[in-house]
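Structure, as C-alpha cells:
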Amino acid sequence: MQELYDIIPDRERVVIGGIEDKYLTDTLGRLKGTAEALVFPVSTEEVSGVMKYAYEHGLPVTPRGAGTNLVGSTVPHGKGIILDLSKMNRVLEIDRDTLTAVVEPGVVLQDFQQLVESQGLFYPPDPGEKTATIGGNISTNAGGMRAVKYGVTRDYVRGLELVTADGRVITAGTKNVKDASGLSLKSIVIGSEGTLAVITKCILKLVPKPEASLSAVVPFGDLHKGISAVIDIIRANANPTAIEFAERSVISLGEQFTGLQFPRPDASAYIILTFDGTASAVEESAETVRKTALDAGALDFIKLDSELAATVWKIRGCLVKAVESKSEQEPVDLVVPIDKTADFIDFVHKTEAETKMQMVAFGHAGDGNVHLCIVRGDRSDEEWQKQLSENMHTIYNYAYSLGGLTSGEHGIGIAKRPYFLGNTDPESLAIMRAIKNALDEKHILNDHISYLE
C-alpha cells in the first residue's frame, strides 16, 4: 500500500491502517466492513492511478461520497481501498446556453441546488438527504419528492466521465440533448452503486427556475382514502411537483424530533403537495387539486405560507431520523404500482397487527415509492434478527405479488441484496453479471453488493 503515496503525494490524503469507523460503514452505522487504506483523490488522474494500482494487485475498491447511504453500498470488504471522492467537489461550469452544468462527484446536492437557483436555474432531483453528493445520487439513481413531475436523477444526467476498474478514463455522453449513437454507457453506470466504474465528472441537465411555488397539506380521516385520492389527483392533470403521504403516527414522531407542529393533528393521515410554475398556473393547479381532494373525502385543503411550508417539509424530511431516535429500525424503500399503494399499506397494517412489530409508513404517493420503518422496540438481538427476517420476507413477497420492486431510490447494497436476488429472474442476473465482467474482469469494484455473486 505504500505505493499509494506515489500516486497521491499529499500524505494527509492517504490513510494506511487505523481507518476511522465512519469510513467503514454507511449512515446507519450497523454494517461495518474492513479496508487497509483510505484515499482522498482530488483529480481524475489520481483516481486513475489508484484504480490501476488496485487492478494490478487485485485489491477491492469501495467508492464513497458523503456516506449517507442506507443499505450498505459504502461498506468495504477485504483488505482493499476506500476511494473517498468527497474532496472532488468543484462545480466546473454552469452553461446557460446549453442549460447544463459540469460538476465533480463530491459536490453536495444542497450546495449545488442553491448555486444554480441563485442564477435563475433549477436542478429538480430532490431526494430527502440533501447532504448527499451528486456522485452518490447518480450511483443510486436517487429519486425524491419531485419525481412525480420532473423524474429522477437519471433524467438529468447528460454525460459522465468515468474511470474503469483498470484505470482507463472514458467519457459516456455529452451536453447534447439527443443521442442515438450506440449503447448508452452512462445509463448502465447510473444506479450501479459503484460496481462498474468510478464517476469523476458529471454533465447535468438544468431547467429554468420556476417563477412560483406553493405547498399544501391535505388531511384525511384514514390513509386508504388519502392514497386513493392520489389517483384522482393525478388524473385531474393538475401536475403537482410532489405528492407525499404520511400517517399521523410517524408525523407525531417527527414533531417530537423537531419540536415543531404539523397542521391538523386530528387527522389520521396526510397528503403533502407542492406545485411550481408560473404564479397563475400554480394557483390554478392548487384549486383543481383542492376540489378533487375534497370530493375524494379530504378533511381540508390547507395552503401553506412560507414559514409553515418550511415546518411541514422539515418534519417530512426527518422522518427516518425521527424513528431512529426512538428505536433501531430497518428502513425499507420499495416501490409498487401507484394504484396498489393503498393495498400494500393495508397489508402492512395487517402484518403489524399480527406480528406486534411496529411498522411506520410514509413516502412518495405520486410514484408508489413506499418508505417503511420496521421498528425493533425492546426485542433482544436474537428476537430482532429472527422476526425482522421473517417480516421483511413477508413484506417484500407481498410487494412483489403486486408487481413491485425491491428499491425505488436507495439501491440494493448489502442490506437488500437477498430480497433482490430472490426476486430477479436468473436471465436478467446473468446479463448484469456479464456487463460486470466486461467492465471489471477482476471484480474489484464493490463486488460484494447488489446483483453480484
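The values are calculated or read from the model by the stated rules, or taken from the named source; none is laboratory data. Values in this document were obtained by computation on a predicted structure and should not be read as measured data. Virtual Cβ from ideal backbone geometry, glycine too; neighbours counted across all protein chains shown. Heavy atoms of the whole protein, side chains included, go into the accessibility calculation; ligands, DNA and RNA do not. Shrake-Rupley method; radii C 1.70, N 1.55, O 1.52, S 1.80 Å.
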> Ranked from the most accessible area to the least, with a 1.4 Å probe and all protein chains present, what is the order of E441, E283, E324?
Replying inline: E441, E283, E324
> When the helix-only estimate is applied to the chain (DSSP H runs of n ≥ 4, each -39,500 (n - 2.57), divided by the residue count), what is the mean residue ellipticity at 222 nm, nearest 500 deg cm²/dmol?
Replying inline: -11000 deg cm²/dmol
> Residues of region 383-413 with amide nitrogen under 19 Å from the 7 Å Cα-to-Cβ point of L31?
Replying inline: 384-397, 405-413
>> Among DSSP bridges having both ends in the chain, what percentage is antiparallel? Round to the nearest 5.
In response: 85 percent
>> Suppose R0 equals 51 Å. What FRET efficiency, 1/(1 + (r/R0)^6) with r the Cβ-Cβ distance, do S184 and K326 give to the nearest 0.05?
In response: 0.70
> Spin-label point model (7 Å from Cα, Cβ direction): what's the R96 to Q114 distance in nm?
Replying inline: 2.2 nm
> Once the dipole of the chain is set up with Lys and Arg at +1 and Asp and Glu at -1 on Cβ about the Cα centre, which of G194, S306, Y123 lies farthest towards its positive end?
Replying inline: Y123
> Within straight cross-link reach of K149, meaning Cα distance under 16 Å, which lysines are found once same-chain residues fewer than 8 apart are removed?
Replying inline: K205, K209
>> Show me the ranking of peptides 400-407, 425-432, 132-139, 270-277 by mean Cβ neighbours inside 10 Å, starting with the highest.
In response: 132-139, 270-277, 400-407, 425-432
> How long is the gain from S380 to E12 if the chain were fully straight, where each residue apart is worth 0.36 nm and the alpha carbon distance is subtracted?
Replying inline: 128.3 nm
> Taking the Cα atoms of region 242-380, what is the range of coordinates along each of the three principal axes, in descending order and whole Å?
Replying inline: 56, 34, 25
>> If DNA, RNA and ligands are ignored and the probe is 1.4 Å, what is the ranking of L439, L334 by accessible area, most exposed first?
In response: L439, L334
> Which of the peptides 341-352, 194-205 is most tightly packed, and how do the rest follow, judged by the mean count of other Cβ atoms within 10 Å per residue?
Replying inline: 194-205, 341-352
> For a paramagnetic label modelled at 7 Å from the Cα of K442 toward its Cβ, which residues of region 32-51 fall within the zone defined by backbone nitrogen distances under 15 Å?
Replying inline: 48-51
> Arranged from highest to lowest average of other beta-carbon atoms within 10 Å per residue, in what order do the peptides 210-217, 33-40, 363-370 appear?
Replying inline: 363-370, 33-40, 210-217
> Which entries in the list K416/K436; K52/K79; K416/K442; K130/K201 go over 21 Å, if you measure between the two C-alpha atoms of each?
Replying inline: K416/K442
> Along the positive direction of the dipole of region 360-439 (beta-carbon charges: Lys, Arg +1; Asp, Glu -1; about the Cα centre), which of S401, L429, I414 reaches farthest?
Replying inline: L429
> Can you give the accessible area of M145 in Å² (nearest 10), computed on protein heavy atoms with a 1.4 Å probe?
Replying inline: 20 Å²
>> Please report the accessible area of W313 (heavy atoms, 1.4 Å probe, ligands and nucleic acids excluded) in Å², nearest 10.
In response: 50 Å²
> With labels modelled as points extended 7 Å from the Cα through the Cβ direction, what inter-label distance (nm, one decimal) is found for E390 paired with L429?
Replying inline: 2.6 nm
